[in-house]
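Asks: Supplied in structure tokens, the structure appears directly below.
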Amino acid sequence: MQVKFIGATETVTGSKHIIETDKGFKILLDCGLYQGMGKETETLNRNLGFLPSDIDVVILSHAHIDHSGNIPLLVKQGFLGSIYCTPPTLEVVEVLLLDSAKIHEYDIEYVNKKREQRGEDPLTPLYTVKDVERCMKHFKTVPYHADFHLNEEVSFKFTDAGHILGSAAISLTLKHSDHKVTHLTFTGDIGKYNDMLLKDPECFPQADYILCESTYGDRLHEIDTDAELHLLNVVRNTCLEKKGKLIIPAFSLGRTQEIVYILDKLKNKKLLPNIKVYVDSPLSTNITDIMRENVSCFNERLQEYIKNDPDPFGFSNLKYIREKEESIALNSSKEPCIIISSSGMMDAGRIKHHLANTISDPKNTILVVGYCSPNSLGGKIKSGEKEVKIFRKLYEVNADVEVIDSYSAHADYNEIIRFLSCQDKSKIKTVFLIHGDPDAKTSFKDKLEKEGYPNVVIPSKNDIHFLE
Ligand SMILES: [Zn+2]
């Protein structure tokens, strides 16, 4: 019995790990896309690193594209089995994969235009909307906490990882040929404690082996004692004093709904100025609809809140925009307003149009509320660059740039240690650190060893470890 690490070893994206039982049954944990790896990204994603037809089942931890985004290619290249996830993950992953396919189709159109000019053959997209529709037929849901038996060798259980809607840690029970049993848990991505919307990450069954994410293995979250007040001050300053537009780039899944929820609370407290608020993104709008249907997955505070306000993601001045024409119309409006749009790192999507339209006017404010990689447009704006390129044109950054850094979907290192603390350390044979940059993993390995975890391993790509 063994585990092979295929992706998310040296990086935080491309999550893929294969468990092979004594009888040769192969389970693929996640099938994510690599993201932001420069020129290598395309090649890494086109070559899965194993034969899809060899895999018997996929178990998916959560819907984020770096965990789910290469499932359509897996099916396209010959995978015939079932893909298991929690019921909310199924809803979210369908929306995200369709969006991902549209991006691949759109991007390849542009690339092929250039190739045609150079007399080169056209390329095909990584996958299309049709491929996504085909792969969705392989999905099956398993609720949290149910013991699901795949066969006489393998059963598994999902527990809430508190990272995004539907996210789960996957605990596998694996029987060896000599009837010995091995327990292995893949944490997926681990969420924060006391999240605004989600429940805390749950305890998981005692494991012999843990595949543990380590994105923030070397970081602690900044504590913004009052993110609500901070946001309110930015709104007042921008929309009332400067009479400008407040642009909030935000990820469609999670961050957008958190911001809307804070605004909803401010509105209920009658603190929010009487201005229009727009969520300008079809993807964010679709995901918000899914969240509204799954409020039972949220924490007790939100359950209490909805007793008085049944829609935490909607209020009288708030408008969700799907249509392109309505989005474009916002550019010519001179009214002070708040525009929440994606993508969070500002490299794609409608947010780029809003930035181009507002960034050079000092009466406007750009509020950064999420992680931005240093080379992204968001990273450059966040670091205070005075001039940025949007759609190949240079723009002076005269708008105010504000940052609220306390929002995160990932546990910091203290929270990961807290998440692992439900385990009896003496029973754990190995903790494998994955899904983290090299520095984060090395630093987190030190911390876990100091905490008394006896054997912490940082696997490399394609490493195989035997499971006793
Ligand atoms: Zn994630």
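Asks: Run Lys26 past the list (1) surrounded by 18 or more Cβ atoms within 10 Å (Cβ to Cβ); (2) touching a helix residue (DSSP H, G or I) at 6+ places or on another chain (Cβ under 9 Å) and report the number of the one that doesn't hold.
Replies: Every condition holds for Lys26 apart from (1).
Asks: If we only count helices (runs of 4 or more DSSP H) wholly inside region 1-87, which ones have 1 or more residues that are out of contact with any Asp or Glu (no Cβ under 8 Å at 6 or more places or on another chain) and within 16 Å of the ligand (Cβ to nearest atom)?
Replies: 65-68, 71-76
Asks: Something else: What's the number of the only condition in (1) buried (at least 18 other Cβ atoms within 10 Å of the Cβ); (2) in a strand (DSSP E or B); (3) in contact (Cβ under 8 Å) with a residue 40 or more places away in the chain that His183 fails to meet?
Replies: Of everything listed in (1) buried (at least 18 other Cβ atoms within 10 Å of the Cβ); (2) in a strand (DSSP E or B); (3) in contact (Cβ under 8 Å) with a residue 40 or more places away in the chain, His183 misses just condition (3).
Asks: Within the set of pairs 6+ apart or on separate chains, which have a first residue in region 136-164 that is on the phi > 0 side of the Ramachandran plot, a second that is of a type in the set (A, V, I, L, M) and within 16 Å of the ligand (Cβ to nearest atom), and C-beta atoms under 8 Å apart?
Replies: Gly162/Ile190; Gly162/Leu198
Asks: Checking the condition modelled with pLDDT of 95 or more, under 25 Å from the mean Cα position of the chain (by Cα) and among the acidic types (Asp, Glu), which residue from Glu387, Glu415 passes?
Replies: Testing whether each residue is modelled with pLDDT of 95 or more, under 25 Å from the mean Cα position of the chain (by Cα) and among the acidic types (Asp, Glu) leaves just Glu415.
Asks: Among the residues of region 82-129, what is the count of those that are touching a residue at least 24 places away in the same chain (Cβ under 8 Å) and not β-branched (Val, Ile, Thr)?
Replies: Filtering region 82-129 for residues touching a residue at least 24 places away in the same chain (Cβ under 8 Å) gives 82-105, 125-129.
Then drop every residue that is not not β-branched (Val, Ile, Thr), which leaves 82, 84-85, 87-88, 90-91, 94, 96-102, 104-105, 125-127.
Qualifying residue count, region 82-129: 20.
Asks: I'd like the residue in region 143-180 that is closer than 24 Å to His435 by Cα and assigned to a loop (DSSP other than H, G, I, E, B) and, out of all such residues, is farthest from the ligand (Cβ to nearest atom).
Replies: So, considering only residues that are closer than 24 Å to His435 by Cα and assigned to a loop (DSSP other than H, G, I, E, B), the one farthest from the ligand (Cβ to nearest atom) is Tyr144.
Asks: Does Val456 qualify as being surrounded by 16 or more Cβ atoms within 10 Å (Cβ to Cβ), at pLDDT 95 or above, closer than 24 Å to Cys203 by Cβ and touching a Lys or Arg at 6+ places or on another chain (Cβ under 6 Å)?
Replies: yes
Asks: Considering region 405-432 alone, what residues qualify as being more than 16 Å from the ligand (Cβ to nearest atom) and among the acidic types (Asp, Glu)? Give the steps one after another, and end with the answer.
Replies: Of all residues in region 405-432, those more than 16 Å from the ligand (Cβ to nearest atom) come to 405-406, 413-414, 417-418, 420-432.
The answer is Asp405, Asp424.
Asks: Looking at (1) in a loop (DSSP other than H, G, I, E, B); (2) in contact with a strand residue (DSSP E or B) (Cβ under 8 Å, 6 or more places away or on another chain), which is the only condition Leu211 fails?
Replies: The failed condition is (1).
Asks: Could you figure out which of (1) modelled with pLDDT of 95 or more; (2) within 19 Å of the chain's Cα centre (by Cα); (3) of a type in the set (Asp, Glu) isn't true of Asp131?
Replies: All conditions pass for Asp131, except number (2).
Asks: Determine if region 208-226 includes at least one residue that is away from the ligand (no atom under 16 Å from the Cβ) and without any contact (Cβ under 8 Å) to a residue 60 or more places away in the chain.
Replies: For region 208-226, residues away from the ligand (no atom under 16 Å from the Cβ) and without any contact (Cβ under 8 Å) to a residue 60 or more places away in the chain: present.
Asks: For region 255-266, check the following and say yes or no: at least one residue is free of Cβ contacts under 8 Å to residues at least 60 places away in the same chain, on the phi < 0 side of the Ramachandran plot and of a type in the set (Ser, Thr, Tyr).
Replies: Scanning region 255-266 turns up no residue that is free of Cβ contacts under 8 Å to residues at least 60 places away in the same chain, on the phi < 0 side of the Ramachandran plot and of a type in the set (Ser, Thr, Tyr).
Asks: Can you find a residue in region 172-179 that is surrounded by fewer than 19 Cβ atoms within 10 Å (Cβ to Cβ), in contact (Cβ under 8 Å) with a residue 40 or more places away in the chain and polar (S, T, N, Q)?
Replies: Yes, because at least one residue in region 172-179 is surrounded by fewer than 19 Cβ atoms within 10 Å (Cβ to Cβ), in contact (Cβ under 8 Å) with a residue 40 or more places away in the chain and polar (S, T, N, Q).
Asks: Considering each of Gln303, Gln257 in turn, give the residue that is buried (at least 24 other Cβ atoms within 10 Å of the Cβ) and assigned to a helix (DSSP H, G or I). Before you say what the answer is, go through the steps one by one.
Replies: Working: Gln303 fails: buried (at least 24 other Cβ atoms within 10 Å of the Cβ).
The unique qualifying residue is Gln257.
Asks: Sticking with this structure for a sec: Taking the residues in region 198-233 that are of a type in the set (A, V, I, L, M, F, W, C) and surrounded by 21 or more Cβ atoms within 10 Å (Cβ to Cβ) as candidates, determine which candidate is nearest to Ile306 (Cα to Cα).
Replies: Looking at residues that are of a type in the set (A, V, I, L, M, F, W, C) and surrounded by 21 or more Cβ atoms within 10 Å (Cβ to Cβ), I get Leu198.
Asks: Another question, then. Based on what the data block shows, is Gly188 within 16 Å of the ligand (Cβ to nearest atom), in contact with a strand residue (DSSP E or B) (Cβ under 6 Å, 6 or more places away or on another chain), of a type outside the set (A, V, I, L, M) and at pLDDT 95 or above? Lay out the reasoning, then the answer.
Replies: Details: within 16 Å of the ligand (Cβ to nearest atom): yes; in contact with a strand residue (DSSP E or B) (Cβ under 6 Å, 6 or more places away or on another chain): yes; of a type outside the set (A, V, I, L, M): yes; at pLDDT 95 or above: yes.
Yes.
Asks: Another question about this same structure. So Val401 ticks every box in (1) surrounded by 13 or more Cβ atoms within 10 Å (Cβ to Cβ); (2) within 20 Å of the chain's Cα centre (by Cα) but one. Which box is left unticked?
Replies: So Val401 meets the others, but not (2).
The values are calculated or read from the model by the stated rules, or taken from the named source; none is laboratory data. Just so you know, these numbers come straight off a predicted model, no measurement behind them. Glycine gets a Cβ as well: all are built from the backbone with ideal geometry, and neighbour counts include every protein chain shown.
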